[in-house]
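A.B. asks: Mind looking over this structure? Questions follow.
Here, each number is a calculation from the coordinates, and none is a lab measurement. The model shown is predicted, which means the values in this text are computed figures rather than measured ones. No Cβ is skipped: glycine too gets one built from the backbone with ideal geometry, and neighbour counts run over all protein chains shown.
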Amino acid sequence: MTRADTLYERLGGEPGLAGLVVRFYARILADSQLAPFFQNTSLEKLMQMQREFFGAALDGPQSYSGQALSRVHVGRGITSDDFNRFSQHLAATLEEGGVHDDDLREVIHRIAVHKNDITGEAY
Ligand code: HEM
């Protein structure tokens, strides 16, 4: 069996990504360190933006129509430790979904490059 060409396709395309985002945020919201950040957030809008963002970041056909990540995140007090937990939940979600190790590492890498935009460390 040959593996699909793009990371996006290997993660199941649009339905795969939609399921991934739902399972990922279920984990985030069950984490008492991370859940408070999302207290006043419309999860429906957030998940829609995340489907776009992840789609675009993983070579899918989506384009991201939301605001710059730094604008949305800096000032919320998100620490490096929060960011790392967020990434660990993403990795666990991918692992549970049976995603190939190489693909899992690639997704985490593509998300990790945004760390400074989220924590504001470079600002
Ligand atoms: C690289 C990792 C991350 C990415 C790619 C990401 C991406 C996004 C995107 C695309 C949005 C929607 C933006 C919009 O509405 O225009 C968003 C919103 C949000 N993110 Fe993140 N995020 C990341 C990490 C985090 C972390 C670690 C936290 C907190 C622990 C966090 C908390 C939030 C909150 C609270 C909102 C909602 C803001 C609102 O209510 O409008 N994010 N994020």
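A.B. asks: Touching a Lys or Arg at 6+ places or on another chain (Cβ under 8 Å) and at negative phi: does that describe Phe37?
C.D. replies: Working: touching a Lys or Arg at 6+ places or on another chain (Cβ under 8 Å): yes; at negative phi: yes.
Answer is yes for this residue.
A.B. asks: Within region 1-103, considering only helices (runs of 4 or more DSSP H) that don't extend past its boundaries, which have at least 1 residues that are within 12 Å of the ligand (Cβ to nearest atom)? Can you show your working first?
C.D. replies: Values: elements: 7-10, 13-29, 43-57, 69-73, 80-96.
Counting at least 1 such residues, we get 13-29, 43-57, 69-73, 80-96.
A.B. asks: Let me confirm something: among Asp59, Asp31, which residue is acidic (Asp, Glu) and in contact with a Ser or Thr (Cβ under 9 Å, 6 or more places away or on another chain)?
C.D. replies: Details: Asp31 fails: in contact with a Ser or Thr (Cβ under 9 Å, 6 or more places away or on another chain).
Answer to the selection: Asp59.
A.B. asks: Suppose we keep only residues that are among the β-branched types (Val, Ile, Thr) and farther than 18 Å from Arg51 by Cα within region 77-112. Which one would you say is surrounded by the fewest Cβ atoms within 10 Å (Cβ to Cβ)?
C.D. replies: Thr79
A.B. asks: Mind counting the residues in region 114-123 that are part of a loop (DSSP other than H, G, I, E, B) and touching a residue at least 24 places away in the same chain (Cβ under 8 Å)? Quick ask: steps written out before the conclusion?
C.D. replies: Filtering region 114-123 down to residues part of a loop (DSSP other than H, G, I, E, B) leaves 114, 120-123.
Okay, now just the ones that are also touching a residue at least 24 places away in the same chain (Cβ under 8 Å), so 114, 120-121, 123.
Number of matching residues: 4.
A.B. asks: Kindly evaluate Ile111 against the criterion of being touching a residue at least 24 places away in the same chain (Cβ under 8 Å), touching a Leu at 6+ places or on another chain (Cβ under 6 Å) and either within 11 Å of the ligand (Cβ to nearest atom) or not in a helix (DSSP H, G or I) (or both).
C.D. replies: Details: touching a residue at least 24 places away in the same chain (Cβ under 8 Å): yes; touching a Leu at 6+ places or on another chain (Cβ under 6 Å): no; either within 11 Å of the ligand (Cβ to nearest atom) or not in a helix (DSSP H, G or I) (or both): yes.
The answer is no for Ile111.
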